[in-house]
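Participant: Below is the structure I would like to discuss, written out as structure tokens.
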């Protein structure tokens, strides 16, 4: 029972890390690319944009956060069910909408707010189930 | 909806479903990291990237990214997000069959709510 509680907390922490890293990474990429401005689709325009991109600390911070997302995603998949992680990960749609309103002052329609509410309800329902219903390879080897 | 958009969406839904299932299979085969500390995590990641299923899953996801760009270029950007909703639903069925995960009624209901939510966010 205690191990199940530990597993649930561990999974929730990793899913939270995934969502935070993905959202913050996306936002920083958006901010960085907005700072660079519209890219002209010509050889010199693309090469200039490329140079601006690789020298932008905001974009590098975004890339590092997205690597953090990938690491936490791969880690949580090693023990938790994919059918548990995947819907929980979609919480990022809800958080991203909130962040877009706060930081970019975007207008959000009522239809989109209903969508955000349904995502939150769905994630809440999935969160009530067991994070792991199958044994990991390591456990299978021990019990075999 | 043009033929190109339909093909892009089909690759998006099928590709990301198969890619993610392959990656999950690979990560399950890798096993858990010993501890959630930098060194054990690096060792764990090193083990994971040597698994063919993980690499296969990642490259399939890469193909999907190209398809998302393709779908957006042909002017169906909103459909990409609806495609993600369909992928969630399709992936859940795949997981039950291939990964042998027990998806109970509460989880199904949650997944369906998330799918509808993603579709609404995309349509909004």
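Values in this text are rule-based calculations from the coordinates and carry no lab data. These numbers were taken from a predicted model, which means no experiment stands behind them. Because the Cβ atoms are built from the backbone with ideal geometry, glycine has one as well, and the counts that use them run over all protein chains shown.
Participant: Can you put B:14, B:50, A:21 in order of Cβ neighbours within 10 angstrom, beginning with the fewest?
Facilitator: If I rank by nearby Cβ atoms, fewest first, I get B:50, B:14, A:21.
Participant: Between A:60, A:51, A:79, which gets the highest mean-square fluctuation from a Gaussian network model of chain A, Cα cutoff 10 Å?
Facilitator: A:51
Participant: Now for a different question. Compute the distance in nm between two label points, each set 7 Å from the Cα along the Cα-to-Cβ direction, one at residue A:38 and one at residue A:12.
Facilitator: The two pseudo-label positions are separated by 4.7 nm.
Participant: Right, another one. By how many degrees, 0 to 90 and rounded to 10, does the Cα axis of helix A:91-104 deviate from the longest principal axis of chain A?
Facilitator: 30 degrees
Participant: While we're here: How would A:105, A:48 line up from fewest to most surrounding beta-carbon atoms within 10 angstrom?
Facilitator: Ranked by crowding around the Cβ, least crowded first: A:105, A:48.
Participant: Okay, moving on. Starting from the Cα gyration tensor of chain A, take the square roots of the eigenvalues, sort them a ≥ b ≥ c, and report rounded, prolate or oblate (rounded when a/c is under 1.5, otherwise prolate if a/b is larger than b/c, else oblate).
Facilitator: oblate
Participant: Relative to the longest principal axis of chain A, what angle (0 to 90°, nearest 10) does the C-alpha long axis of helix A:110-127 take?
Facilitator: 30 degrees
Participant: In what sequence do B:107, A:112, B:35, A:31 fall when counting other Cβ within 10 Å, fewest first?
Facilitator: So the ranking, lowest neighbour count to highest, is B:35, A:31, A:112, B:107.
Participant: How far apart, in nm, are the 7 Å Cα→Cβ label points at residue A:70 and residue A:109?
Facilitator: That separation, rounded to one decimal, is 3.5 nm.
Participant: Please find, in a Gaussian network model of chain A (springs between Cα atoms separated by less than 10 Å), the residue of A:61, A:88, A:49 whose mean-square fluctuation is greatest.
Facilitator: A:49
Participant: A further question follows. Which part of the stretch A:68-85 falls in the paramagnetic zone of residue B:42, meaning amide N under 16 Å from the point 7 Å along Cα-to-beta-carbon?
Facilitator: A:68, A:71
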